[in-house]
Each structure stands twice: as C-alpha cells, then as structure tokens.
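For reference, the structure discussed in these notes is given below.
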Amino acid sequence: NAGVMQNPRHLVRRRGQEARLRCSPMKGHSHVYWYRQLPEEGLKFMVYLQKENIIDESGMPKERFSAEFPKEGPSILRIQQVVRGDSAAYFCASSPQFDSPEGYTFGSGTRLTVV
Amino acid sequence: EDKVVQSPLSLVVHEGDTVTLNCSYEVTNFRSLLWYKQEKKAPTFLFMLTSSGIEKKSGRLSSILDKKELFSILNITATQTGDSAVYLCAAPGTSGSRLTFGEGTQLTVNP
C-alpha cells in the first residue's frame, strides 16, 4: 500500500512560468489537503479538497494559485506565473475521512525553486 | 485566528541528553493537539492528545497536554543522533479540515 505520492520531488521554474504539482492520495483516502512550507517556517494550510470539490480554500492566495482533485487521477496544485516568493516545499496530505487529523498521511513534498 | 507557538526554535544536545520541547496554543473550539517529526521529507505522526494530564508514550518519546494552561510538551529521553529532526506541533481548527502548525523545533543531537 503505497503512501501519499507527490511528484515531482524537485521542480525548478523560471519566473513567469507555470508550476504543476501532483499528489496521489493513499488508496481509500478521498480527502486531500495541500500545505506550503516556506524556509524556516512551519507548514501553512492552503486548500482542502474532496473528489471534484474544493471544500476549503481559505489558505490559498487569491491570484495565480488553483487546485483540483478530479474524479480520476491525482490532485493538482497549479501555480501560474511563478515568482521567487513561491519557492517553498509543498506538501500534500490525505485522510480517509473528514475531521480525522490523526489519520493524515503526508507525502514527501515537492520542492519548488523559482529562479 | 488560531495560533500555535513552539519553543525553542532550535536545540543542540549531545547523545544521551533528555530534551523537552514546548508547544502553546490558542485555538477556538480546541479538540486535539498533534505532534509530528519531520526529517527533510514527509512529517510523520507521533502523538495526538485530547485530554489533559494523560501522558502518551512511545519508546523514548512521551507527550502530555495541559488544557488549562494551553500547552503541551514533548519529551525525548536518552536522545540518539537519529532523533535529529524538526518536531512540529499542530492543532485542527474549528472546521476540522485544516491544521495550524507551529514553526517547529529543530533538534540536533550530536554524537
């Protein structure tokens, strides 16, 4: 039973390009959460999704960032027109049900570097 | 806004030492507090605490919650170099869908 799979592990983008980060939740998990970790900081919540629905995007920047979790395939976090301040580690977590934080499993993260 | 604060931010000890990591919180509708260990990759779950005064233990690690004073501590006894990591404390918010994390404590255990 593979854990939460994120890819790519490392991503380098030039300013102005688009970044697409993928997250495949654990088998049987239908709840996906994205967090961002800036250097020397803790994880900050971005968005919570269930299949085909965004449930809570209160942590997402209003512009350039979007997320989806289609019926088939992984969840995608998309950052358009990246800037240097977007450089961070982006972690995805999944859980089998809502409101079970002890059931969260985190992926290994995607480290985005904007040059 | 929910808030979780950890101290110290970094700690350097020698193998065999005992360490205590602190986590204080201000959370609306508090339900639980979680501890994670992060070693340059995915945070891994250590403990979830819901009740005051009940110690949770796993090997050399233990943790306890004080709901009156709004804090938790994570103790590690007889530290080993493999304990070197960032230790994160987090609390779920009212909606349950998001965790508020502290900044983490970077623990370095030297041989």
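The values are calculated or read from the model by the stated rules, or taken from the named source; none is laboratory data. Just so it is clear, the structure is predicted and the values come from calculations on it, not from any experiment. Backbone-built Cβ (ideal geometry, glycine too); neighbour counts: all protein chains shown.
Is it the case, given these coordinates, that A:Gln81 is farther than 16 Å from B:Ala42 by Cβ, loosely packed, with under 14 Cβ neighbours inside 10 Å, within 11 Å of chain B (Cβ to nearest Cβ) and more than 13 Å from the chain's Cα centre (by Cα)? It is false that A:Gln81 is farther than 16 Å from B:Ala42 by Cβ, loosely packed, with under 14 Cβ neighbours inside 10 Å, within 11 Å of chain B (Cβ to nearest Cβ) and more than 13 Å from the chain's Cα centre (by Cα). Report yes if some residue within the stretch B:4-17 is in contact with a Pro (Cβ under 8 Å, 6 or more places away or on another chain) and either under 16 Å from B:Thr105 (Cβ atoms) or touching a residue at least 60 places away in the same chain (Cβ under 8 Å) (or both); otherwise report no. There is at least one residue in the stretch B:4-17 that is in contact with a Pro (Cβ under 8 Å, 6 or more places away or on another chain) and either under 16 Å from B:Thr105 (Cβ atoms) or touching a residue at least 60 places away in the same chain (Cβ under 8 Å) (or both). For the stretch B:25-34, state whether one or more residues are charged (D, E, K, R) and facing chain A (nearest Cβ under 10 Å). So far as the stretch B:25-34 goes, yes, one or more of its residues are charged (D, E, K, R) and facing chain A (nearest Cβ under 10 Å).
Table: residues versus (1) within 11 Å of the chain's Cα centre (by Cα); (2) exposed (fewer than 14 other Cβ atoms within 10 Å of the Cβ); (3) of a type in the set (Phe, Trp, Tyr).
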residue: A:Glu40; (1), (2), (3): no, yes, no
residue: A:Val47; (1), (2), (3): yes, no, no
residue: A:Ser75; (1), (2), (3): yes, no, no
residue: A:Asp86; (1), (2), (3): no, no, no
residue: A:Phe91; (1), (2), (3): yes, no, yes
residue: A:Gln97; (1), (2), (3): no, yes, no
residue: A:Gly109; (1), (2), (3): yes, no, no
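The residue of the stretch A:18-57 that is farthest from A:Pro101 (Cα to Cα), among those that are aliphatic (A, V, I, L, M) and without any contact (Cβ under 8 Å) to a residue 60 or more places away in the chain, is A:Leu38.
One residue is enough: does the stretch A:4-12 have a residue meeting the conditions surrounded by 14 or more Cβ atoms within 10 Å (Cβ to Cβ) and under 17 Å from B:Gln38 (Cβ atoms)?
Going through the stretch A:4-12, the residues surrounded by 14 or more Cβ atoms within 10 Å (Cβ to Cβ) turn out to be A:4-7, A:11.
If we keep only those that are under 17 Å from B:Gln38 (Cβ atoms) too, we end up with A:4, A:6.
Scanning the stretch A:4-12, I find at least one residue that is surrounded by 14 or more Cβ atoms within 10 Å (Cβ to Cβ) and under 17 Å from B:Gln38 (Cβ atoms), so the answer is yes.
Considering A:Glu18, A:Glu68, A:Glu52, A:Glu41, the condition of being among the charged types (D, E, K, R) and within 9 Å of chain B (Cβ to nearest Cβ) is satisfied by A:Glu41 alone. Among the residues of the stretch B:2-24, those that are surrounded by fewer than 18 Cβ atoms within 10 Å (Cβ to Cβ), within 12 Å of chain A (Cβ to nearest Cβ) and assigned to a strand (DSSP E or B) comprise B:Lys3, B:Val5, B:Ser10. Kindly indicate whether any position in the stretch A:58-81 is polar (S, T, N, Q), farther than 27 Å from B:Glu39 by Cα and at pLDDT below 95. Yes: the stretch A:58-81 contains one or more residues that are polar (S, T, N, Q), farther than 27 Å from B:Glu39 by Cα and at pLDDT below 95.
Can you tell me which of A:Ser94, A:Ser108 is within 11 Å of chain B (Cβ to nearest Cβ) and either assigned to a strand (DSSP E or B) or of a type in the set (Ser, Thr, Tyr) (or both)? Every option except A:Ser108 fails the conditions.
Just the residues that are outside any strand (DSSP E or B) and under 14 Å from A:Met5 (Cα atoms), please, taken from the stretch A:70-91.
Result: A:Gly73, A:Pro74.
Scanning the stretch A:22-38 for residues that are in a strand (DSSP E or B) and more than 10 Å from chain B (Cβ to nearest Cβ) gives A:Arg22, A:Cys23, A:Ser24, A:Val32, A:Trp34, A:Arg36. Looking only at the stretch B:58-111, residues that are part of a strand (DSSP E or B), farther than 18 Å from B:Met48 by Cβ, among the aliphatic types (A, V, I, L, M) and away from every other protein chain (no Cβ under 14 Å) come to 2 in all. Going residue by residue through the stretch A:26-36, is there one that turns out to be of a type in the set (Ser, Thr, Tyr), within 19 Å of B:Thr94 (Cβ to Cβ) and within 13 Å of the chain's Cα centre (by Cα)? Within the stretch A:26-36 (the criterion being of a type in the set (Ser, Thr, Tyr), within 19 Å of B:Thr94 (Cβ to Cβ) and within 13 Å of the chain's Cα centre (by Cα)), the answer is yes, since at least one residue qualifies. When the stretch A:55-65 is limited to residues that are not acidic (Asp, Glu) and not in a loop (DSSP other than H, G, I, E, B), the one that is nearest to the other protein chains (Cβ to nearest Cβ) turns out to be A:Ile55.
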